[in-house]
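Student: Encoded as structure tokens, here's the structure I'll be asking about.
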Amino acid sequence: MSTIEHLGCHYCKDSLLGKKYIMKEDTQYCTKCYENLFANCCEGCSSPIGCNAKDLSYKDRHWHEQCFKCAICDRSLVEKAFAAKDDLLLCTECYANDYSSKCTTCKKTIMPGSRKMEYKGNSWHETCFLCHRCQQPIGTKSFIPKDTGYFCVPCFEKQFAYQCCACKKAITTGGVTYQDKPWHRECFLCIGCRKQLSGQRFTSRENYPYCLECFSNLYAKKCVGCTKPITSLAGAKYISFEERQWHSECFMCAQCSVSLVGRGFLTQRDNILCTDCGREK
């Protein structure tokens, strides 16, 4: 007998001569066996999707063509845009009505797939999120909230921001006020060494700000003992005598080095001596 005469279903062994059959991995099956063994089950009607039906799939789930429809309005979703929500397929209109956010400005639904802006729990159509001053869409550009409005950076700077008295540019965040004038933190510098003074102790002379080190080096009196500046700004204690000054720890007998703070002393030319060393002279 020829090979054709022995052509049979691999599973039920029935002859396939003159019948429709399906090949799978080089093996032939009658349509009934193939559907029982391999056909996907439709998510809509729970019936197998037969060989003669179109199998529509989405994320490992399958539907008959006539079962692939919106779970709310029953409209067909074949070759149409749709959205998924909690295992349900919805047309874009039903999804928008039930689940999409509403635009804060125009109060209309923001349709799935359209561009939107979100900020602090509110949503806008991209074309509805406007600068409060120039009324132009802000889009993906930076913006600054002020009271109940939102401003693009140029408009905010024109309407609200102070200008730094050093660089003349707008101060949008932070800043320092000195002598009733605004400064960027990075622009508020010691007039001597140009070190940033924001967050640091500083003093001024003739309306110019100085760090303590520069002020001491430029204006503080020098200790007779160590020749370093004496400044009360740093909390240093000092002794003054006849227009000369000493750090407290430097005010000592020139001969025996005993501290003279709170004690009597004698002078010998430019030196100061304790009373014991002074009597020996």
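The values are calculated or read from the model by the stated rules, or taken from the named source; none is laboratory data. Here the structure is a predicted model, which is why all the values come from computation and not from measurement. Don't worry about glycine lacking a Cβ; one is built from the backbone with ideal geometry, like all the others, and counts go over all protein chains shown. Areas reflect the complete protein model, heavy atoms only, side chains present, ligands, DNA and RNA absent. Shrake-Rupley method; radii C 1.70, N 1.55, O 1.52, S 1.80 Å.
Student: Around Cys106, what is the net charge, scoring Lys/Arg as +1 and Asp/Glu as -1 over all other residues with Cβ under 15 Å from its Cβ?
Tutor: Values: positive: Lys102, Lys107, Lys108, Arg115, Lys116; negative: Glu126.
Net local charge, Cys106 excluded: +4.
Student: Springs between alpha-carbon pairs under 10 angstrom, Gaussian network model over the chain: which of Tyr162, Tyr99, Tyr208 fluctuates most?
Tutor: Judging by the Gaussian network model, the answer is Tyr208.
Student: Sticking with this structure for a sec: Based on Cβ point charges of +1 for Lys and Arg and -1 for Asp and Glu, what charge dipole magnitude is obtained for the stretch 164-219 about its Cα centre, in debye rounded to the nearest 20?
Tutor: Rounded to the nearest 20 debye, it is 140 debye.
Student: Please check: in the Gaussian network model of the chain (C-alpha springs, under 10 Å), which one of Pro229, Pro137, Pro182 has the largest mean-square fluctuation.
Tutor: Comparing Pro229, Pro137, Pro182 in a Gaussian network model of the chain, the most mobile one is Pro229.
Student: If contacts are Cα pairs under 8 angstrom and at least 6 residues apart, what is the relative contact order of the stretch 164-219 in percent?
Tutor: 23
Student: What does the charge count near Val224 come to, summing +1 for each Lys or Arg and -1 for each Asp or Glu among other residues with Cβ under 12 Å from its Cβ? Write out the running numbers ahead of the final one.
Tutor: On the way: positive: Lys221, Lys222, Lys228, Arg244; negative: Glu242, Glu243, Asp270.
Cβ neighbours under 12 Å give a net charge of +1.
Student: First compute the accessible area of the chain with a 1.4 Å probe, then give the percent of it belonging to carbon and sulfur atoms.
Tutor: The computed percentage sits at 46.
Student: For the chain, what is the charge dipole size about the Cα centre, in debye to the nearest 20, if Lys and Arg each add +1 at the Cβ and Asp and Glu each add -1 at the Cβ?
Tutor: Working: 39 positive and 29 negative charges, 299 e Å.
Roughly 1440 debye, rounded to the nearest 20.
Student: In whole Å and largest first, what semi-axes does the C-alpha gyration tensor of the stretch 106-152 yield when each eigenvalue is scaled by 5 and square-rooted?
Tutor: 18, 11, 10
Student: Here's another thing I want to ask about it. Between Met111 and Val258, what is the label-point separation in nm under the 7 Å Cα-to-beta-carbon projection?
Tutor: Each label point is offset 7 Å from its Cα along the Cβ direction, giving 10.0 nm.
Student: In percent, what relative contact order does the chain have, based on Cα pairs under 8 Å that are 6 or more apart in sequence?
Tutor: 5
Student: Run the simple label-point estimate for Cys45 and Ile72 please: 7 Å along Cα→C-beta, distance reported in nm.
Tutor: 2.6
Student: When only Cα pairs under 8 Å and 6 or more residues apart are kept, what is the percent relative contact order across the stretch 42-113?
Tutor: 18
Student: Something else now. For the stretch 125-281, with the dipole built from +1 on Lys and Arg beta-carbon atoms and -1 on Asp and Glu ones, taken about the Cα centre, which of Gln136, His184, Asn271 lies farthest toward the positive end?
Tutor: Gln136
Student: Moving on. Please identify, among Met23, Met117, Met252, the residue showing maximal mean-square fluctuation in a Gaussian network model of the chain using a 10 angstrom Cα cutoff.
Tutor: Of Met23, Met117, Met252, the most mobile in the Gaussian network model is Met23.
Student: Beyond 32 Å, what share of the Cα-Cα pairs of the chain remains, rounded to the nearest whole percent?
Tutor: When every Cα pair of the chain is considered, 67 percent fall beyond 32 Å.
Student: How many Å² of accessible area per residue for the chain, probe 1.4 Å?
Tutor: Per residue, the chain has an accessible area of 68 Å².
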